[in-house]
Amino acid sequence: MRTTVGIIGAGPAGLLLARLLHNAGIESVVLESRDREYVEHRQRAGILEQGTVDVLRAAGAGARMDREGLRHDGIELRFDRKRHRVDFPALTGGRSVMVYAQTEVCKDLIALQLAEGGPLLFEAEALAVEGADSGSPRVRFRYQGREDVLECDYVVGCDGFWGVARAAVPAELTRVFERAYPFGWLGILADVPPSHDELVYARHDRGFALLSMRSPSVSRLYLQVPEGTDAEDWSDEEIWDELERRFETTDGWRLDRGTITQKSVTPMRSWVHEPMRYGRLFLAGDAAHIVPPTGAKGLNLAVGDVVTFARALTYEKETGSAELLDAYSETCLRRVWQAERFSYDMTTLLHRTPDATPFEDRLQVARLDRIAGARSAETDLAEGYTGFPLE
């Protein structure tokens, strides 16, 4: 099998890249190790930056998002039982975010790819990327019980942290930067309408809490818990009780409870792999970088990566110049490190470390007071949250 671009991974990044390339008249083949049902139902991110929303619309993948997604023009910060709303459009020249689950983005892109795009092979396990530093890289993969080879002009690894693409980058050329956090998120899905119409980020002496949603009838909520916590150690009643404590305000706001349908614990870390390109292999999304979920940046960073690659390859097709492809890693990493910085700032602003001192507690509150009281600080948060420009 031969194609121009071999894409490993049918998450939102790989699927969007295939769509962008199709629209530019560039062939691709997508290899996904899981089956379609799994891809369309794995719970991940739910907040789309303004730039991501614009890209999906321009790619012809935004119709259902615009019908069913929930536009949000701000978030609420809670601390010391006080509430402060950050108004995104007023601070960013009209930018906002969209609540639309990754599962729905994948469903939309899969339907488009199967109807209009190139081959999308589910249960096709990529085994290795070979010849990345040559003019003809290959992806060895297993499909329908036998091994095959996908010959490409370029390979893009959208196969996540545990995928095979990154292993093709020689260790001596690699630099890794990481930070592990001594806490995680206990997340729940609950069949209850959200108790607030925008996301609520709460800093509390007992730990962080987040009120989010997946739809007008399904709430998504999170609690900061110690690293290594087992979700089953928490009863449903204990979870709701703790959420109520951390969201408590002085104005009598109430948290509505409902049936918890899913709960899990997500570890927290920051991680970046440099470079994001080796020869004709390009890394995108979690294959190259991970952010703590506090800043809602993971999916959006992956979108930025594949937009950068698609633009660069289209530029080469139209001009014959590989200038933008050669700059891929540097271009992406500028945005990646800004997102890492923002996510780290949000995480350290709102979470309490196990060994936090009273001095550090007061600093957190002072930082939140600064955001609530100074337009410049509030603008910096709003600009970071709604998204850094797609170069």
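Odds and ends about this structure:
- Extension gain, ARG146 back to GLN43 (0.36 nm per residue minus Cα-Cα distance, nm): 34.1 nm
- Under the combined filter of DSSP loop state and at most 11 neighbouring Cβ atoms within 10 Å, the range 272-339 retains none of its chymotrypsin sites (Phe, Trp or Tyr not before Pro).
- Value at 222 nm in deg cm²/dmol, rounded to 500, when DSSP H runs of n ≥ 4 in the chain each add -39,500 (n - 2.57): -11000 deg cm²/dmol
- Linear extension gain, ARG269 paired with PHE177, 0.36 nm per residue minus alpha-carbon span: 32.1 nm
- Virtual spin-label span in nm between ALA115 and ALA372, 7 Å along Cα→Cβ: 4.8
- Scoring 297-304, 268-275, 146-153, 256-263 by mean Cβ neighbours within 10 Å over their residues and listing the highest first yields 297-304, 268-275, 146-153, 256-263.
- Given charges at Cβ of Lys, Arg, Asp, Glu: the range 1-90 dipole, positive-most of LEU31, LEU48, ALA63: LEU48
- Most mobile of ALA45, ALA167, ALA124 in a GNM of the chain (Cα contacts under 10 Å): ALA167
- The spacing between the range 337-360 and the range 154-182, judged by their C-alpha centroids, is 25 Å.
- Subtracting the Cα-Cα distance of LEU127 and ARG64 from 0.36 nm times their residue separation leaves 19.2 nm of extension gain.
Where a number appears in this text, it was derived from the coordinates with a stated rule and is not lab data. Computed from a prediction, not measured in an experiment: that's the story for all the values here. Neighbour counts are summed over all protein chains in view; Cβ atoms, including those assigned to glycine, are modelled from backbone coordinates with ideal geometry.
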